[in-house]
Amino acid sequence: MKRNTWQREAVREALDGTEGFISAQALHSTLHSSGSPIGLATVYRALGDLASSGEADSLQSPDGEALYRACSTTGHHHHLICRNCGLTVEIAADEVEAWAKTVAAEHGFTGAAHVVDVFGLCANCTKLQAAGE
Ligand SMILES: [Zn+2]
Ligand SMILES: [Zn+2]
Ligand SMILES: [Zn+2]
């Protein structure tokens, strides 16, 4: 089902203008401060819609929070995410694809899918942290 409401468009535009992954709450406050009357529940719903239609990527942060991003890469891919500044690099992981397929087959699983995202400190943040110490 594809709903094309103004709310969904507003959320998509805000997401497009955001670097890296963002939570529904953070996106909601961005929209709010730019004058949008959109409600938090609507932001949650629109993000869920965009994620399930493949227009946005979603992942769980290490704290268990759902994060969203409008990705430039379509199709299956993985992310490297800086836990300090949110910098996101889209990566292919051929080794992971092969391993996931093999391990699923070994257990008789078909139609296996996986989500693999790597959190760390980006080169810049690592440098800043080293300089601050
Ligand atoms: Zn992505
Ligand atoms: Zn960083
Ligand atoms: Zn993969």
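Bear in mind that the values in this text are calculations on the coordinates, not laboratory data. Quick caveat: nothing in here was measured; it's all calculated off a predicted structure.
Calculated [222 nm] ellipticity per residue, helices only, for the chain: -13000 deg cm²/dmol; basis is -39500 (n - 2.57) per DSSP H run with n ≥ 4, divided by all residues, nearest 500. Is the shape of region 16-133 rounded, prolate or oblate, going by the alpha carbon gyration tensor and its root eigenvalues a ≥ b ≥ c, with a/c under 1.5 for rounded and a/b larger than b/c for prolate? Cα axes put region 16-133 in the oblate bin. Close amide-amide hydrogen proximity is noted between LEU87 and CYS82, each under 5 Å apart and 5 or more residues distant or on a separate chain (H modeled in the peptide plane; Pro and chain starts excluded).
Database remark: amide H of LEU121 closer than 5 angstrom to the amide H of ARG83 (H placed geometrically; neighbours at sequence offset of 5 or more, or on other chains; Pro and chain starts carry no H).
Couplings 3J(HN,Hα) for region 118-127, derived from phi with the Karplus relation 6.51 cos²θ - 1.76 cosθ + 1.60 (θ = phi - 60°), are 10, 9, x, 9, 5, 4, 5, 5, 5, 5 Hz, where x marks Gly and Pro.
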